[in-house]
Structure formats: structure tokens, C-alpha cells
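Peer 1: Could you have a look at this structure, given as C-alpha cells, before my questions?
The values are calculated or read from the model by the stated rules, or taken from the named source; none is laboratory data. Computed from a predicted structure; not experimentally measured. Neighbour counts run over all protein chains shown; Cβ positions are idealised from the backbone, glycine included.
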Amino acid sequence: MPFGGARRPLPACARIALVLGSGGFRGPAHIGILARLRELRVPVHAMIGCSVGSLVTAYYAAVGLPVEELLDFAFGTTALGVVAHAVGMRLRRQEGGWLSRCAEPVRRRLRILEQHDFRSLHHGVQSIGFLMHDQRRGERIFAVTGRERGFSLSEAVRASSRLPVLFPPLYKEVDGLRRRLVDGAFSAPSPVIHAVASPVSATHVIAVDLTGSRRRARHSELGRWQSLLGERLMVFRPRPGPRLGLWGDAGSMRAWYEAGRRAIGPAEEAALKGWLQAPAGAAAPRPEPSRPAMPAGPHEHRPLPAAGSDAAS
């Protein structure tokens with residue numbers, strides 16, 4: 001049973017949330033999933049992001065980029081540019097010199113976010129949310145359409161994707177307390193809870209888990225949510241085959257994008273259609289896992305492990 005959990009009645013009208021978690025330069029897999037959902041005409045009513053998932057959420061839903069341009073954005077963001085931007089932030093050097101020239105493509109993309117907000121959304125998405133981690137208090141901070149908590153779109157996305165090893169934290173007063181905000185993955189790599197809780201209140205959730213660390217995978221809470229939501233939660237773990245080239249180069253990112261596309265095979269497609277077609281009180285069918293045409297390997301969509309077990313790395 002690929003999606004696990006008990007069979008439960010489905011509502012007449014599904015409200016679907018897409019949760020895009022952490023993953024760094026694995027992020028093009030998120031775009032591959034989005035591309036397949038668009039092809040299948042699966043409506044996405046809400047998007048929740050943390051880390052690289054926040055960037056994909058913002059540029060797709062808030063900025064309104066189509067999938068093709070989103071992919072171009074990903075390919076145009078190099079590891080050298082990201083590192084140069086991070087070093088420039090730590091050295092407080094934003095203008096002039098070789099470092100600034102390397103960082104400029106990244107900065108130019110980030111400046112686009114300043115022209116957009118939480119409420120003017122695109123592609124049928126009705127709400128977006130971003131998870132951040134308060135490093136000082138060890139608390140999760142979540143900003144969502146209708147409950148932005150004083151965040152601009154740009155602030156929320158920048159804070160949610162700030163890996164503390166690389167970037168300085170973003171300081172901001174939230175709920176009367178000064179917060180030290182970093183990458184939301186330190187609170188939850190795949191924050192499903194914010195998709196089902198108010199105000200998003202999704203009936204069905206698609207989560208894309210790109211966690212590369214077994215330790216962080218155990219903190220993702222996906223196993224617990226799988227048992228609670230059953231077939232109303234679909235988890236994809238795209239994995240490319242053996243990669244050639246450097247981490248974050250065009251070849252590697254293309255491999256992750258294609259892995260995202262392959263993650264939704266015929267069985268997953270049937271399950272998604274079941275979400276949309278099942279009348280009130282009817283349960284969606286449980287398909288057998290789809291098998292890719294290529295030899296079985298780490299690229300396959302695999303069943304979610306039970307709570308407390310090691311996830312795939």
C-alpha cells in the first residue's frame with residue numbers, strides 16, 4: 001500500500017495543499033513535481049514552503065512564473081553565485097568587485113520578491129505559507145496568507161531559506177519578541193502540519209521530501225502524519241540515478257528535475273484523479289506502486305517508512 005494509513009471517507013470537494021520542503025540544489029525536483037501536476041490538471045489550492053521550497057513557492061505562486069521560467073531561474077542560480085551572495089552578506093559588501101559580480105544574478109532574483117506579496121497569487125493558488133526557525137528560542141515561526149505576522153513576502157522567503165552555516169540570520173520582531181530567524185528546515189524539513197491546520201485547512205496534502213540526511217529525515221514528522229491522514233497524504237521522494245558533474249551544476253539540476261517528473265507515475269496519477277473524482281463518503285482506490293521503465297534504483301518513488309524508522313537518504 002504505497003500511501004499507507006486507514007481508508008477514510010473523502011469529501012466531495014478536495015482542497016489540495018502542496019508542501020515543498022528543504023533540499024538545497026535538489027530544488028528542481030520540486031519544479032518537476034509542479035510540471036507534472038500542471039500536466040495532469042491537478043489543482044493546487046495552497047503551497048507551503050521551507051528552505052528551497054520557499055523559493056519555489058514564492059516564484060511560482062506569488063511572482064507567477066510558469067514552470068518553464070521557474071526552471072530557467074533554477075538553472076541560472078549557480079553554487080558560486082549563492083556562495084558569493086552569502087559571503088557578501090557576512091562581509092556587508094554588496095557593491096563593487098568580483099564578489100558582487102558573481103552574486104548579482106542571485107540578488108537580482110531576490111529583488112523581484114520585493115514587488116510581490118502574500119495575497120496577489122497566481123496559477124489558482126489561494127494561499128501561501130513559509131516556515132522559519134527562531135534560532136534563539138528553538139521555535140517555529142510560520143507566516144501565511146491572511147496571517148502574515150508583519151512579514152513581507154521577501155522577508156519570509158529570505159528567512160525561511162537562510163542556512164545558518166552559510167548565511168547570517170534575519171533579525172525581526174515577531175509577536176513582541178526579537179527573533180533570530182534561519183532556515184525553516186531546522187523546525188520541520190517537510191511542514192505538513194501547516195497545510196492541514198487553520199487557516200490553510202487542506203483536506204489533502206502532497207509533500208515533496210528531498211531530505212538528504214537520515215537524521216533530519218527522522219525529524220520530518222512525515223511518518224506520524226502519514227498514519228493520521230492515511231490516503232489523504234501523498235509523499236514523493238524523487239531520486240535521480242547516478243549523477244555526473246559538480247553539485248549544483250546544470251547536469252545535476254536537470255537530473256533532479258527529471259526525477260521530480262518521474263515521481264508521479266501511472267499509479268500516483270490514478271490516486272490523484274481519485275482525490276478529485278471520489279464523491280462524498282467514497283474512498284479513493286489504492287493503486288499498486290508504479291514501476292519506472294528503467295531498472296529499479298534510488299530514483300523510484302518508494303513507500304513512506306513507518307514513524308521512527310530511517311528514511312531514504
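Peer 1: Could you tell me whether the range 155-177 includes any residue that is touching a Gly at 6+ places or on another chain (Cβ under 7 Å) and within 30 Å of LEU276 (Cα to Cα)?
Peer 2: Within the range 155-177, none of the residues are touching a Gly at 6+ places or on another chain (Cβ under 7 Å) and within 30 Å of LEU276 (Cα to Cα).
Yes/no per residue for (1) crowded, with 19+ Cβ neighbours inside 10 Å; (2) under 25 Å from VAL165 (Cβ atoms); (3) of a type outside the set (Asp, Glu):
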residue	(1), (2), (3)
VAL52	yes, yes, yes
VAL56	yes, yes, yes
TYR59	yes, yes, yes
VAL63	yes, no, yes
LEU71	yes, no, yes
GLY76	no, yes, yes
HIS85	yes, yes, yes
GLY88	yes, yes, yes
ARG92	no, yes, yes
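Peer 1: Here is a further query. Tally the residues that are of a type in the set (A, V, I, L, M, F, W, C), modelled with pLDDT of 90 or more and out of contact with any helix residue (DSSP H, G or I) (no Cβ under 7 Å at 6 or more places or on another chain), restricting the search to the range 61-109.
Peer 2: Of the residues in that region, 1 qualify.
Peer 1: Also, quick follow-up: Within the set of pairs 6+ apart or on separate chains, which have a first residue in the range 149-160 that is at positive phi, a second that is in a loop (DSSP other than H, G, I, E, B), and C-beta atoms under 9 Å apart?
Peer 2: Pairs that qualify, where the first residue is at positive phi and the partner is in a loop (DSSP other than H, G, I, E, B), are ARG149/ASP175; GLY150/ASP175.
Peer 1: Quick check, is GLN126 at pLDDT 95 or above and loosely packed, with under 13 Cβ neighbours inside 10 Å?
Peer 2: The answer is no for GLN126.
Peer 1: Does SER161 qualify as being small (Gly, Ala, Ser), closer than 27 Å to GLN115 by Cβ and within 15 Å of the chain's Cα centre (by Cα)?
Peer 2: Taking the combined requirement at face value, the residue satisfies it.
Peer 1: Further question: Of these, ALA202, ALA284, which one is modelled with pLDDT of 80 or more, at negative phi, surrounded by 22 or more Cβ atoms within 10 Å (Cβ to Cβ) and outside any helix (DSSP H, G or I)?
Peer 2: The unique qualifying residue is ALA202.
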